[in-house]
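Report on one structure; see the data block that follows.
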Amino acid sequence: MTGPVATPPAGAVPFDALPVAVLPSDVLPIDAPAAGASSGALAAWLDARGDAPGGPPVVEAEPGPLLRAVLGAALRRLTGEERGRAAVVLAADEPCVRAATRYGQRWTDTVRRLRPSDSVALETSELVRGLGEDIGWGGPLYLLAAPGAAGRQALLAACFLAAGGRRVVVAELVPAPDGAGADPAEESAGQPGWIAAAALWTGGPSDLPLEELPDTGPDAPGTLLGLARTLAEVRTPAAVRVPVGARTPAEAVPVPDPEESR
Amino acid sequence: MTGPRPQIALTGLGLVTAYGAGVDPYWRGLLSGCSALRPAERFASATWYQGEPVGEVPMAGGGPDAPGPDGGTRKQHLLETALAEALAAAGLPGLPAGALVVLVGQAPAVGAGAPPEAAELVGPRLRAAEGVPLFGGAPFYLSHACASAAFGLALAREALLAGAVRTAVVLGASALNPLEYASMKVVRVVSPRAARPFDRAGAGITIGEGAGAVVLEDRRSARERGRRGGLLLGSAVCRVAGNSPAASDDAVVADCVRQACEEGGVDRLDYVHAHATGTAQGDAAELRVLDGLADGLGQKELPVGSHKGAVGHLLHASCFPAVAAAALALRHGIAPPTPGLTDPAPAERLRLPTAALAVPGARRALLTSFGFGGNNAALTLHRAQDGTA
């Protein structure tokens, strides 16, 4: 993880101390999500959520550190081999679409020449690379991008991956609910931002009542965050608000060494 | 999960490459050692194009820019051609209800503001899935750079192992387009001559186009409907990790191939179909890892090949020709040569054939697939003990 994480206010429950609980059978089988927002999206996040589910949100300036922080928080609830082998299923349809759109715009830009970083930024998985180094995670990650279906499909995938004997983290990266989320590779600060959520799957293969998944709406920008809201209503005891952390310099997209490229 | 793990059979395979439509033309082309790479008709009039060879699919009638015969995009046409072959090979009349369909690519679509040329960068829409009640309601779309197809096969295998579905179809396509070409040119990996994987004179990659589709089934289900199911996807390991967004990381690659062999119960390999794009660094890293793997397995002349000097690098779909090469190597007991390879780089325990090599009784093959963004994957294919591949 790079960049600072906002310090939780006094009395807030840190992510890692949250219990990993199996929910009652009438509640969807995911643990209280770790969640966060890029700094540009924090106001929208608080407007939308009010009560931050599962603890204070992680705040990062850029989507890469944000996503890695949130995924790391969820994975840290596991230990040893369970963490090492855990699968991550990431719903990221909108980031993929925006990355391709941005690349297309850059390709047509007659003033600004295309850069190696533009090529690298096409890959949304680049936002996750490096996650495992600090926390001993070496499991698979699946980045799902079917428009409007990636969140539900992520939950289905979590279901069958868990049935195969793995612990599973389901995660989501979505634009801020004002609808003006930034491109995940945007360099400029002050952009409206991104919201990430990740949660441990705690259920079994038959625990997923898909028909009961909450609809995506303006105040619940994705399926997993919709679930977060449901869970927050069930068991988050108190509102926790976090001050916006200091804005960090924009995350630099490394330029590949052409001699090292695949 | 209780009870024995099911075996996952590969029951259908479809392919389109610069050798033409079909698995057979590809296999024959690969065995011939002849490269299908040549200057792009499609880019011939483009001012930015510098005449590098590409792996362009010969499209019957209408010239290189023609859409598919049914009005879809070129990419759609390639995809649907591969899918039709795979379904026919599996004895399926169409995508089965309840099947998991995993479509791989860069992104499912682009938003407003993208140029029209981006239509071949994203998607394609899978028309054959429309109206079919698939697992998850729609095709899963997976994006893992040039390792996307391998990640798709890994995800499908997990769904089959868990018993969530009985059939899975993994498919993807790549059509030559100026946007993806520019994305490779700007990182300076495109070779001015046809790619020469594993060759001391390798100078980079050659971009190709094409499509692939793989039908996977629980082997018991496949046999119940009369399929032999003799070729198995023994293991599939994938990771997003590494030190660089664009370079192979020896440690991660080594970890993937070791895990794939362990999970597949592989104590001896008969063939490896490597990612090997033709870049000096990437090929060297892969050779180091495979050499170490051969050492660990106690093998001295492990045959290793690549198709990228034959049909080019199919980017997100690049693992499909690898699956076909490995599957046919097991079926025929032949390790295909690597077209473009004339002066093999040194590798102590590997054999880099420049002509077809007999591997009698071949039973197990390893495939590797890598991509930008830290995407790494390794798969093993096995001939079933009680059947032919």
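Observations on the structure shown:
- Residues of the stretch A:124-151 that are more than 7 Å from chain B (Cβ to nearest Cβ) and over 21 Å from A:Glu62 (Cα atoms): A:Gly136, A:Trp137, A:Gly139, A:Gly148, A:Ala150, A:Gly151.
- Test: residue in the stretch A:65-72 that is surrounded by fewer than 24 Cβ atoms within 10 Å (Cβ to Cβ), within 11 Å of another protein chain (Cβ to nearest Cβ) and under 24 Å from A:Ile195 (Cα atoms): no
- Summed over the stretch B:112-129, residues that are within 16 Å of B:His77 (Cβ to Cβ) and free of Cβ contacts under 8 Å to residues at least 24 places away in the same chain total 1.
- Only one of the listed residues (B:Gly62, B:Gly68) is out of contact with any Ser or Thr (no Cβ under 9 Å at 6 or more places or on another chain), modelled with pLDDT under 95 and surrounded by fewer than 20 Cβ atoms within 10 Å (Cβ to Cβ). That residue is B:Gly62.
- For the stretch B:247-287, a residue qualifies if it is within 23 Å of B:Ala329 (Cα to Cα) and charged (D, E, K, R), and the qualifying residues are B:Arg258, B:Glu262, B:Glu263, B:Asp267, B:Arg268, B:Asp270, B:Asp283, B:Glu286.
- Taken over the stretch B:162-176, residues that are within 14 Å of chain A (Cβ to nearest Cβ), closer than 19 Å to B:Pro321 by Cβ and touching a Lys or Arg at 6+ places or on another chain (Cβ under 9 Å) amount to 1.
- Among the candidates B:Ala88, B:Ala119, residue that is over 18 Å from the mean Cα position of the chain (by Cα), more than 9 Å from chain A (Cβ to nearest Cβ), within 20 Å of B:His313 (Cα to Cα) and surrounded by fewer than 24 Cβ atoms within 10 Å (Cβ to Cβ): B:Ala119
- Screening B:Val304 on (1) assigned to a loop (DSSP other than H, G, I, E, B); (2) buried (at least 24 other Cβ atoms within 10 Å of the Cβ) shows it passes everything except condition (1).
- Enumeration of residues in the stretch A:107-117 that are farther than 18 Å from B:Gly105 by Cβ and either in a helix (DSSP H, G or I) or facing another protein chain (nearest Cβ under 7 Å) (or both): A:Thr108, A:Leu114, A:Arg115, A:Pro116, A:Ser117
- Selected residue [part of a helix (DSSP H, G or I) and at pLDDT 95 or above] from B:Leu92, B:Leu79: B:Leu79
- Qualifying residue in the stretch B:227-241 (condition: crowded, with 24+ Cβ neighbours inside 10 Å, at pLDDT 95 or above and part of a loop (DSSP other than H, G, I, E, B)): no
- Subset tally (residues that are buried (at least 20 other Cβ atoms within 10 Å of the Cβ), hydroxyl-bearing (Ser, Thr, Tyr) and over 24 Å from B:Arg188 (Cα atoms)) for the stretch B:18-55: 2
- Residue ID - modelled with the highest pLDDT, chosen from residues in the stretch B:1-43 that are of a type in the set (D, E, K, R) and farther than 26 Å from B:Gly230 by Cα: B:Arg38
The values are calculated or read from the model by the stated rules, or taken from the named source; none is laboratory data. Computed from a prediction, not measured in an experiment: that's the story for all the values here. Every residue, glycine among them, receives a Cβ derived from its backbone with ideal geometry; neighbour counts consider all protein chains shown.
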